[in-house]
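Reviewing the structure listed below.
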Amino acid sequence: MLAQINSCGLIGIDGYVVKVEADVGNGLPHFDVVGLPDAAVKESKQRVNAAIKNSGYGFPSKKIIVNLAPASLKKEGAAYDLPIAVSVLCATKQLPFEAFEDSAFLGELSLDGRVYPVRGVLPMVICGYREGIKNFYVPKDNAAEASAVKGVNIYPVESLKELCGHLIGTEKITAVQMDIDKYFKNESSCMLDFADVKGQENAKRALEIAAAGNHNVLLIGPPGTGKTMLAQRLAGILPDLTFDEALEVTKIHSIAGTLMPDTPIVTERPFRSPHHSISSAGLTGGGSMPRPGELSLAHNGVLFLDELPEFKREVLEAMRQPLEDGVVTISRVNASITYPCSMMLVASMNPCKCGYYGDSTHRCSCTPAQIDAYRSKISGPLLDRIDIQTEVGAVDYSSLSKQSGGERSKDIKKRVNAARARQEERYKGLSIHSNSQLGAAELEKFCKIGETEHRLLKNAFDRLGLSARAYSRILKVARTIADLAGSENINAVHIAEAIQYRSLDRKYFE
């Protein structure tokens, strides 16, 4: 007999419906899975066989063929264990096949029939919902994540035996619902505060501008000046995630397997800080079946690269196009997958290898050749993609001895939210949410400046030898500074401050 069960697979961060077809017929006992399965799917034959028997059901001694359609797409992972088991039980008439037309099954099976969690459940459920599937039977540990999708019934399954009992009516599995508002209302108690940072008012101002316009930042200064401390607190002044943004971030982390059981939906902007030994594939994503890398895991959040020149040159260069486009495309022979990576890059570095070039209290021990070699690891095109470059100098004793470090993050965040609200209103109807996303046509329309501002910008352009990309980025930063000031027009003072954040690359890199 032939039976067909719905399941789901993944391509990038999107799911697609998979039809699991099982045919049980006469012939020598044989169990085969077709439809471009990978090694994990092929091994499901042994897991399904043992799980069915250990759940109290009979496994047929017949010829069994399971097809995973569409056969043109590669199937990977153990999420097909449960639908394969259900399809075999339906084909042998141990379960009623007709009742599952609007249902889908996901889960990995143990040999005793328990159902283990799998990656990527959220994007699979979203896809199934769009295809008209109403009921989803998922591992219990994935149920909260899946229930973020409204309009579907999510049934948490602990074992194959429990599921079969529910399907034939001898047991009942209650559908779960998640109170999403509860997760968004919970404020993080571990969020680091800018009030802990004493001194460094210029750097704090630069990070506030970066947060308001979603601009990339480079912090340059000697060791121990608080560069890492400042970067770690940036996420606390970024605007709260909207539900759509949270759903997109959760999809990426679900596929990567980084979701925690107690956080079924990501409600805080990600902060990723990979070690400088990371490979290009680890940063951009990769593998035989590509997985999202750190760039995508930081989507809608912050990617912090501490000690930027310590990263391999090819790793840094791999970021150039994703920083410009907001997406990273991984091409393989059998597929080309695109992951979103619209994040804010925050990098920190010392001015030289020993860290004390230009420091007034420490003597630099580097030779000119060593300084050049250290800085040459960062290319001009990469620097051009960093909107704001600010110096983080040593903090004097009077600042360190103060009882308070200054403004709290929640007060800075109010100004950032107000600036972002102005941008959302200005770009309503466009696929733009912040000033950093402005293209050439939008710059002409939304960043108009007067004669005085033109002269100021021309003088800086000629004196500093700025590139065309640097010119547009100065305008974007000036637009953000004007938004923070509540000004509709970009004035000379806004241009002057924006130029200040483009001058350090000439000081340190020429």
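The values are calculated or read from the model by the stated rules, or taken from the named source; none is laboratory data. Here the structure is a predicted model, which is why all the values come from computation and not from measurement. FYI the Cβ positions are ideal-geometry reconstructions off the backbone, even for glycines, and counts take in every protein chain you see. All accessible areas refer to the heavy atoms of the entire protein, side chains included, with ligands and DNA or RNA removed. Shrake-Rupley method; radii C 1.70, N 1.55, O 1.52, S 1.80 Å.
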When only residues in the range 450-470 that are of a type in the set (D, E) and within 19 Å of E488 (Cβ to Cβ) count, which is surrounded by the most Cβ atoms within 10 Å (Cβ to Cβ)? E453
Answer from F304, F243 - the residue that is open to solvent by less than 30 Å² (accessible area, probe 1.4 Å) and of a type in the set (F, W, Y): F304
Could you identify the single residue in L111, L207 that is over 30 Å from K413 (Cβ atoms), modelled with pLDDT of 90 or more and either touching a Pro at 6+ places or on another chain (Cβ under 7 Å) or aliphatic (A, V, I, L, M) (or both)? L111
Among the numbered criteria (1) open to solvent by less than 40 Å² (accessible area, probe 1.4 Å); (2) of a type in the set (G, A, S); (3) over 23 Å from L241 (Cα atoms), which single criterion is violated by A146? (3)
Answer with yes or no whether S72 is hydroxyl-bearing (S, T, Y) and within 23 Å of L167 (Cβ to Cβ). no
Pick from the range 423-437 the residues that are of a type in the set (S, T, Y) and surrounded by fewer than 20 Cβ atoms within 10 Å (Cβ to Cβ): which of them is modelled with the lowest pLDDT? S431
From (1) of a type in the set (A, V, I, L, M); (2) under 25 Å from P351 (Cα atoms); (3) buried (at least 21 other Cβ atoms within 10 Å of the Cβ), pick out the condition that doesn't hold for A212. (2)
What is the one condition in (1) assigned to a helix (DSSP H, G or I); (2) open to solvent by less than 30 Å² (accessible area, probe 1.4 Å); (3) hydrophobic (A, V, I, L, M, F, W, C) that M229 does not satisfy? (2)
Here the residues within the range 345-372 that are surrounded by fewer than 20 Cβ atoms within 10 Å (Cβ to Cβ) and among the β-branched types (V, I, T) are T361, T367, I371
Can you list residue pairs whose Cβ atoms sit under 9 Å apart, with the first residue in the range 298-324 being farther than 20 Å from E248 by Cα and the second being among the aromatic types (F, W, Y) and open to solvent by less than 10 Å² (accessible area, probe 1.4 Å)? Count only pairs 6 or more apart in sequence or on different chains. L305/F311; P309/Y374
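Let's see how each residue does on (1) in a helix (DSSP H, G or I); (2) at pLDDT below 90; (3) touching a Ser or Thr at 6+ places or on another chain (Cβ under 8 Å):
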position	(1), (2), (3)
N334	no, yes, no
A347	no, no, no
R363	no, yes, no
Q370	yes, yes, no
Scanning the range 106-119 residue by residue, those of a type in the set (V, I, T) and either within 25 Å of the chain's Cα centre (by Cα) or assigned to a loop (DSSP other than H, G, I, E, B) (or both) turn out to be V118
Among L82, L95, the single one that is open to solvent by less than 50 Å² (accessible area, probe 1.4 Å) and not in a loop (DSSP other than H, G, I, E, B) is L82
Residues (charged (D, E, K, R) and under 25 Å from the mean Cα position of the chain (by Cα)) located in the range 132-174: K140, D141, E145, K150
So, of the residues in the range 17-39 that are open to solvent by less than 50 Å² (accessible area, probe 1.4 Å) and outside any strand (DSSP E or B), which turns out to be modelled with the lowest pLDDT? G27
Just to be sure before I move on: is L234 under 13 Å from M344 (Cα atoms) and open to solvent by less than 30 Å² (accessible area, probe 1.4 Å) in the structure I sent? yes
Cβ contacts < 7 Å: first residue within 13 Å of S296 (Cβ to Cβ) and modelled with pLDDT under 90, restricted to the range 247-276; second residue open to solvent by 40 Å² or more (accessible area, probe 1.4 Å) and among the aliphatic types (A, V, I, L, M), any location; separation 6+ or different chain. Result? none
Does K172 satisfy the condition of being out of contact with any Lys or Arg (no Cβ under 6 Å at 6 or more places or on another chain), open to solvent by 60 Å² or more (accessible area, probe 1.4 Å) and either assigned to a strand (DSSP E or B) or more than 28 Å from S348 (Cβ to Cβ) (or both)? yes
Only residues that are in a loop (DSSP other than H, G, I, E, B) and in contact with a Leu (Cβ under 7 Å, 6 or more places away or on another chain): list them for the range 120-148, please. G120, A148
Positions within the range 466-482 being of a type in the set (G, A, S), closer than 15 Å to L382 by Cα and either at pLDDT 90 or above or not in a helix (DSSP H, G or I) (or both), in sequence order: S467
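Here's the yes/no breakdown for (1) aliphatic (A, V, I, L, M); (2) out of contact with any Leu (no Cβ under 7 Å at 6 or more places or on another chain); (3) without any contact (Cβ under 8 Å) to a residue 40 or more places away in the chain:
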| position | (1), (2), (3) |
| --- | --- |
| E442 | no, yes, yes |
| K448 | no, yes, no |
| R455 | no, yes, yes |
| L464 | yes, yes, no |
| S472 | no, no, yes |
| R479 | no, yes, no |
Any residue at all in the range 9-23 that's on the phi < 0 side of the Ramachandran plot, free of Cβ contacts under 8 Å to residues at least 60 places away in the same chain and not basic (K, R)? no
Note: among R420, R415, R375, just one is open to solvent by 30 Å² or more (accessible area, probe 1.4 Å) and touching a Pro at 6+ places or on another chain (Cβ under 9 Å), namely R420
Condition first: farther than 20 Å from H433 by Cα, of a type in the set (D, E), open to solvent by 40 Å² or more (accessible area, probe 1.4 Å) and part of a loop (DSSP other than H, G, I, E, B). Can you find one or more residues in the range 259-280 that meet it? yes
